[in-house]
Amino acid sequence: MAALDGLPPLRDVIRRHELDARKALGQNFLLDLNLTQKVARTAGSLEGVTVFEVGPGPGGLTRAILALGAKKVIAVERDARCLPALAEVAEHYPGRLEVIEGDALKTDFEALVPEGPVKIIANLPYNVGTQLLVNWLLPKAWPPFWQSLTLMFQKEVGQRIVAHEDDDHYGRLGVLCGWRTDAHMAFDVPPQAFTPPPKVTSTVVHLVPKANPLPCSAERLERVTQAAFGQRRKMLRQSLKSLGGEALLVKADIDPARRAETLSVEEFVRLANSL
Ligand code: SAM
């Protein structure tokens with residue numbers, strides 16, 4: 001049966017182009033176009049929006065984004081084997097899909113920003129997903145070039161992204177995301193939805209930049225969270241010793257006997273600003 005967008009079913013695309021999934025590239029493909037539409041819809045309206053996608057693979061999510069009306073998709077894919085399949089999608093949507101062959105970790109996304117709004121949507125390769133997210137969260141200027149990030153991660157990473165203080169998953173990633181964005185988990189996706197199925201459940205996370213995050217240097221915030229969570233069971237006077245220990249904590253008006261996981265984002269910002 002042909003798919004709703006008139007393009008061939010993804011199973012056929014994969015067979016025809018011999019796109020057997022490669023583990024080293026984090027290839028777990030989504031073949032159900034209802035599910036890829038659900039992921040794309042999580043990003044909200046795509047009318048007039050340019051979408052940056054990482055890892056389009058055989059193009060399932062890309063097709064959903066285009067069918068939902070994105071003005072354009074700029075997709076970065078490392079695996080050259082996927083390019084002919086993506087060229088078929090590009091032909092079906094003339095002028096609306098640009099594929100860049102390359103490593104997303106080395107791609108200067110800001111340099112690709114066109115006129116008009118940009119959203120990022122991706123089913124990320126698990127081995128580079130967290131690093132890409134951190135890169136998108138760390139630009140000096142804020143708000144960033146993107147209006148939202150809608151990203152598929154392993155569920156455990158999703159839980160770390162949205163975690164708050166006193167939560168088991170709270171750590172450096174939760175502080176960074178909580179400082180600059182409002183993040184929530186939209187829905188889980190079970191392993192069997194992917195080809196091949198990964199070992200664990202996945203989740204779609206949606207992040208929107210805060211208009212006015214608390215003023216702070218990202219580099220200082222990284223330094224305090226790295227030290228504090230590096231020894232998360234210890235009291236902060238101990239774990240922050242190399243950064244000033246008790247004196248730093250007193251300056252930031254934080255009890256030196258507390259532990260990293262009990263500090264709110266606002267308190268971490270206070271610590272960073274007291275360095
Ligand atoms: N978007 C497709 C889907 O949802 O079915 C594929 C998702 S698959 C989880 C991850 C994709 O990212 C693969 O196509 C893989 O080749 C690609 N990839 C892996 N590492 C990459 C990198 N460093 N830069 C760009 N793409 C990468």
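Observations on the structure shown:
- Look at (1) within 15 Å of the ligand (Cβ to nearest atom); (2) touching a Phe, Trp or Tyr at 6+ places or on another chain (Cβ under 6 Å) and you find that PRO213 fails only one, number (1).
- Being assigned by TED's automatic domain parsing to the domain that holds THR195, at positive phi and touching a residue at least 40 places away in the same chain (Cβ under 8 Å) is a property that holds for GLU18.
Per-residue answers, yes or no, for (1) among the hydroxyl-bearing types (Ser, Thr, Tyr); (2) surrounded by fewer than 16 Cβ atoms within 10 Å (Cβ to Cβ); (3) within 15 Å of the ligand (Cβ to nearest atom):
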position	(1), (2), (3)
TRP136	no, no, yes
PRO144	no, no, no
VAL162	no, no, no
THR201	yes, yes, yes
VAL204	no, no, yes
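- So VAL224, is it assigned to a strand (DSSP E or B), buried (at least 17 other Cβ atoms within 10 Å of the Cβ) and without any contact (Cβ under 8 Å) to a residue 60 or more places away in the chain: no
- Condition broken by GLY48, with the remaining ones in (1) crowded, with 20+ Cβ neighbours inside 10 Å; (2) within 18 Å of ILE121 (Cβ to Cβ); (3) of a type outside the set (Lys, Arg) satisfied: (1)
- Positions within segment 96-120 being within 26 Å of GLU18 (Cα to Cα) and not β-branched (Val, Ile, Thr), in sequence order: ARG96, LEU97, GLU98, GLU101, GLY102, ASP103, ALA104, LEU105
- Residue that is surrounded by the fewest Cβ atoms within 10 Å (Cβ to Cβ), among those in segment 227-275 that are among the charged types (D, E, K, R) and assigned to a helix (DSSP H, G or I): GLU266
- Residues that are within 11 Å of VAL54 (Cα to Cα) and surrounded by fewer than 18 Cβ atoms within 10 Å (Cβ to Cβ), drawn from segment 110-134: none
- For segment 122-132, the condition of being modelled with pLDDT under 95, assigned to a loop (DSSP other than H, G, I, E, B) and in contact with a Pro (Cβ under 9 Å, 6 or more places away or on another chain) holds for at least one residue.
- Taken as a whole, the condition of being touching a residue at least 12 places away in the same chain (Cβ under 8 Å), more than 15 Å from the ligand (Cβ to nearest atom), assigned to a strand (DSSP E or B) and hydrophobic (A, V, I, L, M, F, W, C) does not apply to MET152.
- Close contacts from segment 25-49, counting a first residue that is under 22 Å from ARG96 (Cα atoms) and among the hydroxyl-bearing types (Ser, Thr, Tyr) and a second that is near the ligand (Cβ under 7 Å from one of its atoms) and modelled with pLDDT of 95 or more, with Cβ to Cβ under 6 Å and a gap of 6+ residues or different chains, come to THR36/LEU30; THR36/GLY60; THR36/LEU61.
The values are calculated or read from the model by the stated rules, or taken from the named source; none is laboratory data. Bear in mind that the values here come from a model prediction, so they are computed numbers and not experimental data. Quick reminder, even Gly has a Cβ in these numbers, built from the backbone with ideal geometry, and neighbours come from all protein chains shown.
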